[in-house]
Amino acid sequence: MTKLAVVLSRAEFGVQAPQVRVEVHISRGLPQLNIVGMPETAVKESKDRVRAAIMNSGYEFPQHRITINLSPADIPKQGGRYDLPIAIGVLAASDQIHRDKLTEVELIGELALGGDLRPIRGVLPVVSAVATTGRSLICPQDNGIEAALVQSCDCMLADNLLQVCAWLDNVDELPRAEIKLKTTPNPVPDLADVKGQEQAKRALTIAASGQHNLLFYGPPGTGKTMLASRLPGILPDLTEAQALETASVASISAHGFDPDTWSQPPFRNPHHTASAPALVGGGSDIY
């Protein structure tokens, strides 16, 4: 008994999302599950989540030797985003679901023990990358608003593992991601609220119209932050390419992405005592 299934997914590598092939191999031997391909702790722990999700969804977890390879092996794999493709790969390799559609779709999502799909971080770079391949994407329902921003990608949403299996078996259809943005933009500080400062306001207007850089210099309390915070209010909305680039950075951050500010130029206000490493960022996730 030797069976193999391949499921396509995406890794998190800064604002990029390189493709990952989740290869599931089932062979004779003592029951065990091994994950190779440079997985980090959260990925190694997915075997327990996947086992519980498969069993609680009414399927049988194979009592054989299971080897899962996350290819390419030179890219670090992190997070719970590989739970769904691993579970689908195990079910496909054990012939519990059909595998005909696996070549035309990519999957991503974290599984709860009961089989529910939980949202992940960094969906927007994934959708942008999948759109260039012509394949479809299946992601958690809670990531639907963010995923719908890339209209060139056919993105389907699922609440649990059973829904994904039903779609693969041609039993049921999955809903498509739809854009649900606010009709009115979020209010921003208005330059008309500034009293006086005519020379500074003229400089802001010239910089906004000509896309020039501005340097604010002066003692505390002279209105530098007040004026800078009102510059986005007189800037034009971001183009789709600019908005996608800005939103991709926010999508992979710990704060997440707010779709209501999709087309508005972002404003960042770091403290004046912030060091260069604090502005650039640090930690283990430097790409």
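The values are calculated or read from the model by the stated rules, or taken from the named source; none is laboratory data. All values reported here derive from a predicted model rather than from experimental measurement. We place every Cβ from the backbone using ideal geometry, glycine too, and count neighbours over all the protein chains shown.
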(message) Being among the hydrophobic types (A, V, I, L, M, F, W, C), in a loop (DSSP other than H, G, I, E, B) and assigned by TED's automatic domain parsing to the domain that holds LEU111 is the requirement here; does LEU30 meet it?
(response) yes
(request) Could you tell me whether the stretch 191-198 includes any residue that is closer than 18 Å to THR273 by Cα, assigned to a loop (DSSP other than H, G, I, E, B), in the same structural domain as PRO265 (by TED's automatic domain parsing) and not polar (S, T, N, Q)? (result) no
(request) Starting from residues that are buried (at least 17 other Cβ atoms within 10 Å of the Cβ) and not small (Gly, Ala, Ser), keep the ones in the stretch 26-47 and report whichever is farthest from ASP83 (Cα to Cα). (result) ILE26
(message) Given (1) of a type in the set (D, E, K, R); (2) farther than 16 Å from LEU117 by Cβ; (3) touching a Ser or Thr at 6+ places or on another chain (Cβ under 8 Å), identify the lone condition not met by ARG81.
(response) (2)
(request) Pick out the one residue from PRO31, PRO18 that is in contact (Cβ under 8 Å) with a residue 24 or more places away in the chain and within 23 Å of GLY115 (Cβ to Cβ). (result) PRO31
(message) Looking at LEU84, LEU91, can you tell me which residue is surrounded by 16 or more Cβ atoms within 10 Å (Cβ to Cβ) and under 24 Å from the mean Cα position of the chain (by Cα)?
(response) LEU84
